[in-house]
Amino acid sequence: MEQKVYSVDGKELRTITLDDNVFGLPVNEDVIYYAINNELANKRVGTACTKTRAEVHGSNAKPYKQKGTGRARRGDKKSPLLVGGGVVFGPKPRDYSYSLPKKVKRLAMKSILSLKAQDDRITVIEDFTVGDGKTKSLVKILNNFMKDERTVLVMKDDDAMLKRAGRNIPRLSFLAYNRLRAHDLFYGRRVIILESAVANLSKFYAQKDAEGENE
(Lines give C-alpha, C1' and ligand atoms only; values in the text may rest on other atoms or scores of the structure.)
Protein backbone atom coordinates (compact mmCIF):
# COMPACT_ATOMS: atom_id res chain seq x y z
CA MET A 1 0.00 0.00 0.00
CA GLU A 2 1.39 3.38 -1.03
CA GLN A 3 1.30 6.29 1.42
CA LYS A 4 2.38 9.90 1.01
CA VAL A 5 4.90 11.43 3.40
CA TYR A 6 4.42 15.07 4.36
CA SER A 7 6.78 17.67 5.73
CA VAL A 8 6.02 19.53 8.95
CA ASP A 9 4.74 22.35 6.74
CA GLY A 10 2.13 20.09 5.18
CA LYS A 11 3.88 19.70 1.83
CA GLU A 12 4.12 16.35 0.08
CA LEU A 13 7.69 15.04 0.08
CA ARG A 14 7.66 11.47 -1.21
CA THR A 15 5.80 8.18 -1.22
CA ILE A 16 6.53 5.14 0.91
CA THR A 17 5.12 1.62 0.95
CA LEU A 18 3.21 0.47 4.02
CA ASP A 19 3.80 -3.13 5.07
CA ASP A 20 0.72 -5.20 4.17
CA ASN A 21 1.41 -7.47 7.14
CA VAL A 22 0.69 -4.52 9.43
CA PHE A 23 -1.45 -2.08 7.46
CA GLY A 24 -3.09 -4.34 4.88
CA LEU A 25 -4.67 -7.18 6.83
CA PRO A 26 -8.39 -8.08 6.89
CA VAL A 27 -9.98 -6.33 9.86
CA ASN A 28 -10.74 -8.73 12.71
CA GLU A 29 -13.45 -6.98 14.75
CA ASP A 30 -13.53 -9.68 17.41
CA VAL A 31 -9.93 -9.27 18.54
CA ILE A 32 -10.33 -5.47 18.50
CA TYR A 33 -13.27 -5.84 20.87
CA TYR A 34 -11.31 -8.18 23.14
CA ALA A 35 -8.28 -5.85 23.25
CA ILE A 36 -10.30 -2.74 24.08
CA ASN A 37 -12.31 -4.51 26.79
CA ASN A 38 -9.09 -5.87 28.27
CA GLU A 39 -7.54 -2.39 28.49
CA LEU A 40 -10.65 -0.91 30.08
CA ALA A 41 -10.89 -3.75 32.59
CA ASN A 42 -7.22 -3.40 33.55
CA LYS A 43 -7.76 0.30 34.27
CA ARG A 44 -10.56 -0.33 36.77
CA VAL A 45 -9.48 0.29 40.35
CA GLY A 46 -12.05 -2.04 41.92
CA THR A 47 -12.33 -0.15 45.21
CA ALA A 48 -16.16 -0.15 45.50
CA CYS A 49 -17.13 -1.53 48.89
CA THR A 50 -20.34 -1.90 50.91
CA LYS A 51 -20.87 -3.21 54.43
CA THR A 52 -22.70 -6.41 55.25
CA ARG A 53 -24.93 -6.70 58.31
CA ALA A 54 -21.91 -8.10 60.17
CA GLU A 55 -19.90 -4.93 59.46
CA VAL A 56 -22.55 -2.25 60.06
CA HIS A 57 -22.24 -0.41 63.39
CA GLY A 58 -25.15 -1.12 65.69
CA SER A 59 -26.56 -3.30 68.45
CA ASN A 60 -27.25 -7.00 68.04
CA ALA A 61 -30.22 -6.82 70.41
CA LYS A 62 -33.77 -7.30 69.18
CA PRO A 63 -35.64 -3.97 68.96
CA TYR A 64 -38.71 -5.56 70.56
CA LYS A 65 -39.81 -8.97 71.73
CA GLN A 66 -40.54 -11.75 69.27
CA LYS A 67 -44.23 -12.28 70.10
CA GLY A 68 -47.18 -10.37 71.40
CA THR A 69 -46.68 -7.03 69.64
CA GLY A 70 -48.66 -7.77 66.48
CA ARG A 71 -45.72 -6.65 64.40
CA ALA A 72 -43.47 -8.67 62.15
CA ARG A 73 -40.64 -10.39 63.96
CA ARG A 74 -37.41 -8.46 63.76
CA GLY A 75 -33.85 -9.55 64.47
CA ASP A 76 -31.76 -6.38 64.86
CA LYS A 77 -31.39 -2.90 63.39
CA LYS A 78 -28.60 -4.07 61.11
CA SER A 79 -30.98 -6.10 58.97
CA PRO A 80 -30.73 -5.41 55.21
CA LEU A 81 -34.48 -4.72 55.28
CA LEU A 82 -34.03 -1.57 57.37
CA VAL A 83 -32.61 1.82 56.45
CA GLY A 84 -29.01 1.97 57.61
CA GLY A 85 -28.72 -1.79 57.66
CA GLY A 86 -26.26 -3.98 55.81
CA VAL A 87 -26.23 -4.54 52.06
CA VAL A 88 -26.94 -7.94 50.57
CA PHE A 89 -24.50 -9.10 47.86
CA GLY A 90 -23.00 -5.61 47.57
CA PRO A 91 -19.67 -4.91 45.81
CA LYS A 92 -16.40 -5.67 47.54
CA PRO A 93 -12.85 -4.65 46.53
CA ARG A 94 -11.69 -6.86 43.68
CA ASP A 95 -9.18 -7.02 40.87
CA TYR A 96 -10.82 -6.70 37.44
CA SER A 97 -7.61 -7.11 35.45
CA TYR A 98 -6.89 -10.12 33.29
CA SER A 99 -4.41 -10.98 30.56
CA LEU A 100 -4.90 -11.59 26.86
CA PRO A 101 -2.73 -13.84 24.71
CA LYS A 102 0.08 -11.89 23.05
CA LYS A 103 -0.98 -13.06 19.61
CA VAL A 104 -4.46 -11.64 20.17
CA LYS A 105 -3.04 -8.26 21.23
CA ARG A 106 -0.73 -8.10 18.21
CA LEU A 107 -3.50 -9.04 15.82
CA ALA A 108 -5.77 -6.40 17.38
CA MET A 109 -3.20 -3.63 16.86
CA LYS A 110 -2.55 -4.68 13.27
CA SER A 111 -6.29 -4.89 12.60
CA ILE A 112 -6.83 -1.36 13.90
CA LEU A 113 -3.93 0.00 11.82
CA SER A 114 -5.31 -1.80 8.77
CA LEU A 115 -8.76 -0.36 9.45
CA LYS A 116 -7.38 3.18 9.69
CA ALA A 117 -5.41 2.68 6.47
CA GLN A 118 -8.51 1.42 4.65
CA ASP A 119 -10.52 4.43 5.86
CA ASP A 120 -7.70 6.81 4.78
CA ARG A 121 -7.26 8.07 8.34
CA ILE A 122 -3.48 7.63 8.50
CA THR A 123 -1.10 10.53 7.86
CA VAL A 124 2.66 9.98 7.67
CA ILE A 125 4.91 12.93 8.57
CA GLU A 126 8.67 13.26 8.38
CA ASP A 127 10.47 12.81 11.68
CA PHE A 128 10.41 15.87 13.90
CA THR A 129 10.69 16.85 17.53
CA VAL A 130 9.96 19.92 19.62
CA GLY A 131 13.25 20.94 21.15
CA ASP A 132 11.84 23.75 23.29
CA GLY A 133 8.95 21.61 24.55
CA LYS A 134 6.47 24.45 23.97
CA THR A 135 2.87 23.77 23.04
CA LYS A 136 2.70 26.56 20.46
CA SER A 137 5.59 25.02 18.53
CA LEU A 138 3.75 21.71 18.24
CA VAL A 139 0.40 23.35 17.48
CA LYS A 140 1.98 25.18 14.56
CA ILE A 141 2.95 21.82 13.05
CA LEU A 142 -0.23 19.91 13.85
CA ASN A 143 -2.53 22.61 12.47
CA ASN A 144 -1.48 21.43 9.02
CA PHE A 145 -2.80 17.92 9.66
CA MET A 146 -5.42 17.72 12.41
CA LYS A 147 -8.77 19.38 12.82
CA ASP A 148 -10.94 19.59 15.93
CA GLU A 149 -11.05 15.81 16.29
CA ARG A 150 -9.49 13.10 18.41
CA THR A 151 -5.96 12.50 17.10
CA VAL A 152 -3.25 9.97 17.90
CA LEU A 153 0.44 10.66 17.24
CA VAL A 154 2.57 7.52 16.94
CA MET A 155 6.20 8.29 17.80
CA LYS A 156 9.40 6.49 16.82
CA ASP A 157 10.48 6.47 20.49
CA ASP A 158 9.48 7.89 23.85
CA ASP A 159 10.12 11.58 23.06
CA ALA A 160 9.68 13.38 26.40
CA MET A 161 9.88 16.89 24.92
CA LEU A 162 7.29 16.09 22.28
CA LYS A 163 4.90 14.69 24.87
CA ARG A 164 5.53 17.70 27.09
CA ALA A 165 4.62 20.07 24.25
CA GLY A 166 1.38 18.22 23.56
CA ARG A 167 0.02 17.54 27.02
CA ASN A 168 -2.10 20.72 26.94
CA ILE A 169 -3.57 20.02 23.51
CA PRO A 170 -7.10 18.61 23.85
CA ARG A 171 -8.02 15.42 21.97
CA LEU A 172 -4.35 14.58 21.30
CA SER A 173 -2.67 11.46 22.65
CA PHE A 174 0.82 10.04 22.15
CA LEU A 175 1.75 6.42 21.57
CA ALA A 176 5.17 4.85 21.09
CA TYR A 177 5.30 2.38 18.20
CA ASN A 178 6.06 -0.52 20.58
CA ARG A 179 3.45 0.44 23.22
CA LEU A 180 0.24 0.95 21.30
CA ARG A 181 -3.11 1.12 23.07
CA ALA A 182 -6.10 -0.35 21.27
CA HIS A 183 -8.63 2.04 22.84
CA ASP A 184 -6.79 5.24 21.86
CA LEU A 185 -5.87 3.93 18.44
CA PHE A 186 -9.36 2.71 17.57
CA TYR A 187 -11.22 5.82 18.70
CA GLY A 188 -8.73 8.26 17.20
CA ARG A 189 -10.31 9.87 14.17
CA ARG A 190 -6.88 10.73 12.75
CA VAL A 191 -3.68 8.71 13.23
CA ILE A 192 -0.45 10.63 12.58
CA ILE A 193 2.64 8.43 12.31
CA LEU A 194 6.23 9.63 12.10
CA GLU A 195 8.10 8.23 9.12
CA SER A 196 10.59 6.26 11.23
CA ALA A 197 7.73 4.88 13.31
CA VAL A 198 6.23 3.31 10.17
CA ALA A 199 9.42 1.32 9.61
CA ASN A 200 9.67 0.51 13.31
CA LEU A 201 6.10 -0.81 13.35
CA SER A 202 6.85 -3.16 10.49
CA LYS A 203 10.05 -4.45 12.11
CA PHE A 204 8.48 -4.71 15.57
CA TYR A 205 5.47 -6.78 14.53
CA ALA A 206 7.45 -8.86 12.04
CA GLN A 207 9.89 -9.75 14.84
CA LYS A 208 7.08 -10.54 17.30
CA ASP A 209 5.28 -12.70 14.74
CA ALA A 210 8.50 -14.60 14.06
CA GLU A 211 8.96 -15.18 17.78
CA GLY A 212 5.38 -16.41 18.02
CA GLU A 213 5.94 -18.93 15.25
CA ASN A 214 9.02 -20.28 17.02
CA GLU A 215 7.17 -20.79 20.30
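The values are calculated or read from the model by the stated rules, or taken from the named source; none is laboratory data. As the structure is a prediction and not an experimental result, all values here were calculated from the model. Reconstructed Cβ throughout: ideal geometry from the backbone, glycine too, with neighbour counts over all protein chains shown. Accessible surface is based on the protein model in full, side chains and every heavy atom, while ligands, DNA and RNA are left aside. Shrake-Rupley method; radii C 1.70, N 1.55, O 1.52, S 1.80 Å.
Key figures for this structure:
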{"item": "Unique match (being within 26 Å of the chain's Cα centre (by Cα) and not aliphatic (A, V, I, L, M)) among 95, 132, 76", "result": "95"}
{"item": "Tabulated pairs, segment 185-203, first more than 17 Å from residue 138 (Cα to Cα) and open to solvent by 50 Å² or more (accessible area, probe 1.4 Å), second part of a helix (DSSP H, G or I) and not acidic (Asp, Glu), C-beta under 7 angstrom, 6+ apart or interchain", "result": "186/32; 186/36; 186/112"}
{"item": "Single residue of 21, 38 found to be of a type outside the set (A, V, I, L, M) and modelled with pLDDT of 95 or more", "result": "38"}
{"item": "Pick from segment 41-69, criterion of a type in the set (Gly, Ala, Ser) and modelled with pLDDT of 95 or more, ranking: surrounded by the most Cβ atoms within 10 Å (Cβ to Cβ)", "result": "41"}
{"item": "Residue list for segment 31-88, filter: closer than 30 Å to residue 113 by Cβ, touching a residue at least 12 places away in the same chain (Cβ under 8 Å) and either part of a helix (DSSP H, G or I) or of a type in the set (A, V, I, L, M, F, W, C) (or both)", "result": "31, 32, 34, 35, 36, 38, 39, 40, 41, 42"}
{"item": "The one condition in (1) within 22 Å of the chain's Cα centre (by Cα); (2) open to solvent by 30 Å² or more (accessible area, probe 1.4 Å) that residue 38 fails to fulfil", "result": "(2)"}
{"item": "Filter pass, residue 139 being β-branched (Val, Ile, Thr) and touching a residue at least 40 places away in the same chain (Cβ under 8 Å)", "result": "no"}
{"item": "Residue within segment 145-152 that is under 23 Å from the mean Cα position of the chain (by Cα), surrounded by 19 or more Cβ atoms within 10 Å (Cβ to Cβ) and part of a loop (DSSP other than H, G, I, E, B) present", "result": "yes"}
{"item": "Checklist (1) part of a loop (DSSP other than H, G, I, E, B); (2) surrounded by 11 or more Cβ atoms within 10 Å (Cβ to Cβ); (3) under 28 Å from the mean Cα position of the chain (by Cα); (4) free of Cβ contacts under 8 Å to residues at least 24 places away in the same chain applied to residue 25, failing item", "result": "(4)"}
{"item": "Yes/no for residue 103 being open to solvent by less than 20 Å² (accessible area, probe 1.4 Å), assigned to a helix (DSSP H, G or I) and within 19 Å of residue 39 (Cβ to Cβ)", "result": "no"}
{"item": "Residues of segment 3-16 satisfying the condition of being part of a strand (DSSP E or B) and either surrounded by 14 or more Cβ atoms within 10 Å (Cβ to Cβ) or over 28 Å from the mean Cα position of the chain (by Cα) (or both)", "result": "3, 5, 6, 12, 13, 14, 15, 16"}
